[in-house]
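These notes concern the structure reproduced below.
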Amino acid sequence: MNSLHLKALLLAAEAGSISAAARKLGKKQPQVSQWISDLEIDLGVNFFDRTGNKTTLSKEGERLLPYLTHTMIQLDKFVQSAEMIAHGESTVVTIGIENYIPDLVFTQPLALTLDLPHLSVEVYREEKHQLTQDLNEGNVDIIIIHESDTLHHQHFEYCRLGHYKEVLVCSPNHPLATLPLVTTSDLSQYRELIWGETNSNSNSSKQHKDDNSDGFSPNYGIFSDIQPLVAMLKRNKGFAFLPAECVNTYIENDQLSALNCDFEPAGIDRRIELCWRNGLTLSQDGSQIVEAFKINHQLADKPVS
């Protein structure tokens, strides 16, 4: 059984005639007709009903056509993957996303990446320090992290994508909600609820805080999942700095209140970096994926490509 013969059979079924299939393949009609006849003999099935000069797909052919279509699609993927491997390209792309980065950074680019039919995509969430280590060790192809203080990364390629807004929120019934302008002294009197890593062994136990920051209150609660954190906010149990995208609906529905701070009255800009392993953009797919993240995220200050 020859893959070219199977392709001829599929083309004949799709085009409605063996002659049309022969033209698409650049072959003579008797040759393609013989290929299909050989397949019918080998498999014991008549794919076509032949009446005079007219050829139509048989009942058996109709039943088998979905399997043939699927087989040829998988064969194309097999050939594409083999070509990529032969050229030293990966057939699996691994993308690491820092915990607490909101969806607007990666949803659309990931959707475009999943449109590449011959690639498998693996996505995971992790802390920033672990993602950077994974990239340096070659265990991940692309990472999305909050911007670091490093002026220039030497071990991988990178670009700044833009920023999202983080806002200070609490329950409308919280005492902080009555203040026209909130100071750090005001915050220190109430519990801070932090969306962050709860593992005490983690190098970073607070979301988006600098390494030398102790937060705004001596009393705090750390939540690795944002939903119970928001539930506690609505129950008037403290205040939190959260991505605006994650709480805008609650603010619009008057379930949470956005506060003005004397140190950041319009909210805090959290800047994002896209980093990728050296050489990734030398391949066509790698270049497409990186460009998808550069162009299609929903952050402010999109870079000019």
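The values are calculated or read from the model by the stated rules, or taken from the named source; none is laboratory data. It should be emphasised that the depicted structure is a prediction, and the values quoted were computed from it without experimental measurement. Note that we place each Cβ from the backbone using ideal geometry, even for glycine, and neighbour counts take in every protein chain shown.
Considered as a group, the residues in region 11-33 that are assigned to a helix (DSSP H, G or I) and of a type in the set (Ser, Thr, Tyr) include one that is surrounded by the most Cβ atoms within 10 Å (Cβ to Cβ), and that residue is SER33.
Taking each residue of region 233-255 that is at negative phi and in contact (Cβ under 8 Å) with a residue 24 or more places away in the chain and looking for partners that are in a helix (DSSP H, G or I) and among the charged types (D, E, K, R) with beta-carbon atoms closer than 6 Å, six or more apart or interchain, yields GLN255/LYS234.
Being surrounded by fewer than 13 Cβ atoms within 10 Å (Cβ to Cβ) and within 19 Å of ASN2 (Cβ to Cβ) holds for only one residue in ILE73, ILE36, and it is ILE73.
Okay, residues lined up against (1) β-branched (Val, Ile, Thr); (2) in a helix (DSSP H, G or I); (3) assigned by TED's automatic domain parsing to the domain that holds MET72; (4) modelled with pLDDT of 90 or more:
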position	(1), (2), (3), (4)
LEU9	no, yes, yes, yes
TRP35	no, yes, yes, yes
ILE41	yes, yes, yes, yes
ARG50	no, no, yes, no
THR55	yes, no, yes, no
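Filtered by the rule that a residue be acidic (Asp, Glu) and either outside the structural domain of GLY16 (by TED's automatic domain parsing) or touching a Phe, Trp or Tyr at 6+ places or on another chain (Cβ under 8 Å) (or both), region 57-75 gives a lone residue, GLU60. Filtered by the rule that a residue be under 20 Å from VAL247 (Cα atoms), modelled with pLDDT of 50 or more and not small (Gly, Ala, Ser), region 191-210 gives ARG191, GLU192, LEU193, ILE194, TRP195, GLU197. Listed conditions (1) among the acidic types (Asp, Glu); (2) surrounded by fewer than 19 Cβ atoms within 10 Å (Cβ to Cβ); (3) in contact with a strand residue (DSSP E or B) (Cβ under 8 Å, 6 or more places away or on another chain) are all met by GLU166, apart from (2).
Residues are listed down the side, and each one gets a yes or a no for (1) surrounded by 12 or more Cβ atoms within 10 Å (Cβ to Cβ); (2) not β-branched (Val, Ile, Thr):
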{"position": "PRO117", "(1), (2)": "no, yes"}
{"position": "GLU122", "(1), (2)": "no, yes"}
{"position": "GLU126", "(1), (2)": "yes, yes"}
{"position": "LEU131", "(1), (2)": "yes, yes"}
{"position": "ILE142", "(1), (2)": "yes, no"}
{"position": "HIS152", "(1), (2)": "no, yes"}
{"position": "TYR158", "(1), (2)": "yes, yes"}
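Among the conditions (1) loosely packed, with under 12 Cβ neighbours inside 10 Å; (2) farther than 16 Å from ASN2 by Cβ, the only one that VAL45 does not satisfy is (1).
This table checks each residue for (1) of a type in the set (D, E, K, R); (2) surrounded by fewer than 15 Cβ atoms within 10 Å (Cβ to Cβ); (3) under 30 Å from HIS118 (Cα atoms).
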{"site": "ASP225", "(1), (2), (3)": "yes, yes, no"}
{"site": "PRO228", "(1), (2), (3)": "no, yes, no"}
{"site": "ALA231", "(1), (2), (3)": "no, yes, no"}
{"site": "ARG235", "(1), (2), (3)": "yes, yes, no"}
{"site": "LEU256", "(1), (2), (3)": "no, no, no"}
{"site": "ILE268", "(1), (2), (3)": "no, no, no"}
{"site": "ILE272", "(1), (2), (3)": "no, no, yes"}
{"site": "GLY279", "(1), (2), (3)": "no, yes, yes"}
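From the list MET84, MET72, the one residue that fits, being at pLDDT 85 or above, of a type in the set (A, V, I, L, M) and part of a helix (DSSP H, G or I), is MET72. Scanning region 131-166 for residues that are closer than 22 Å to VAL247 by Cα and of a type in the set (Ser, Thr, Tyr) yields a count of 1.
Conditions tested, residue by residue: (1) polar (S, T, N, Q); (2) in contact (Cβ under 8 Å) with a residue 60 or more places away in the chain; (3) on the phi > 0 side of the Ramachandran plot.
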residue: LEU6; (1), (2), (3): no, yes, no
residue: LEU25; (1), (2), (3): no, no, no
residue: ASN46; (1), (2), (3): yes, no, no
residue: VAL79; (1), (2), (3): no, no, no
residue: LEU104; (1), (2), (3): no, yes, no
